[in-house]
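For reference, the structure discussed in these notes is given below.
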Amino acid sequence: MPQPRRNELSGFKFAQEGILHCFRTQPHMRIHFFTLVAVLISGLLLKLESRDMVALLFAITLVIVAEMINTAVEKVVDMVTESYSPVAKLAKDVAAGAVLVAAMNAVMAGLLIFFGHYQLKAIQERMTKDLPGDVMNVIVIGIVLLTLVVIISKLLSNTGSPWHGGIISGHSAIGFMLAMTIFFTTVNTVVAFLAILLAILVAQSRVEAGVHSLREVVLGAVLAILLTSLMYWVMPKVRYWATHSSRVALWRPAPAASYRCRFITARSEGELLFVTS
């Protein structure tokens with residue numbers, strides 16, 4: 001009897017179910033995902049370079065992978081053992097140790113990137129500049145951050161699946177995020193208007209297809225607008241206020257008595273120079 005043909009995307013579906021199971025059943029997994037969201041927001045706020053963000057993402061992803069392997073080992077050990085076994089305990093301890101090593105690696109990477117001596121100077125220099133960050137870097141990090149927020153909201157509300165349906169429309173959120181990115185970065189009003197119009201059409205198509213309700217696409221649009229406004233409008237103002245207020249706090253006018261004036265006659269050119277000291 002011929003076996004049914006396996007769908008090429010079934011492996012992706014099974015992997016998705018494994019990730020969702022870990023997120024729903026393992027409290028540490030939820031902490032890792034929330035940490036990932038916090039790191040992405042901090043990277044945008046501090047205008048970290050792309051290589052630093054890649055290093056942070058790799059370190060946190062390594063912790064998530066180790067946590068998933070630890071969960072798989074625990075399930076297999078519980079399945080094959082019915083009573084206490086020193087070997088089973090050793091297997092669980094080794095898997096938990098792998099998670100600990102990965103977590104320590106992530107902590108060290110975070111400390112070096114955020115609080116290293118030269119890194120602190122580099123961050124301060126970038127913070128004192130009023131120039132916007134790399135737009136492509138912001139777009140990539142923003143899409144990852146927005147996707148994580150949408151998926152976590154669906155899992156916590158137990159509505160829909162990560163890629164279909166749910167309390168927040170991911171398509172609407174990403175569409176409005178790209179549209180608002182164009183709105184904040186372009187000087188052409190027509191281009192900004194067309195980008196927002198395309199985002200509205202994307203949201204309307206999700207409602208017409210019956211995948212989301214009007215409230216769900218509006219929530220996705222509001223989430224994207226808030227996130228992009230935070231990245232392109234609020235964060236630059238916060239950086240400007242923080243840097244300029246620190247400059248004002250450090251500057252102190254010298255007393256009037258401390259200024260001494262003296263005249264120096266330049267012998268070579270016969271010019272009179274006014275020097276303050």
* Only residues in region 147-176 that are in the same structural domain as residue 222 (by TED's automatic domain parsing) and free of Cβ contacts under 8 Å to residues at least 12 places away in the same chain count as the first member; pair them with residues that are crowded, with 23+ Cβ neighbours inside 10 Å and in a loop (DSSP other than H, G, I, E, B), Cβ under 7 angstrom, at least 6 apart or cross-chain, and list the lot. => 159/166; 160/166
* To do: Return yes when residue 63 is more than 12 Å from the chain's Cα centre (by Cα), assigned to a helix (DSSP H, G or I) and modelled with pLDDT of 85 or more and no when it is not.
  => yes
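Tell me yes or no: at least one residue of region 8-18 is within 30 Å of residue 114 (Cβ to Cβ) and in a helix (DSSP H, G or I).
Scanning region 8-18 turns up no residue that is within 30 Å of residue 114 (Cβ to Cβ) and in a helix (DSSP H, G or I).
The values are calculated or read from the model by the stated rules, or taken from the named source; none is laboratory data. All figures in this text were calculated on a predicted structure; none of them were measured in a lab. Heads up, the Cβs are rebuilt from the backbone with ideal geometry, glycines too, and the neighbour counts pull from every protein chain shown.
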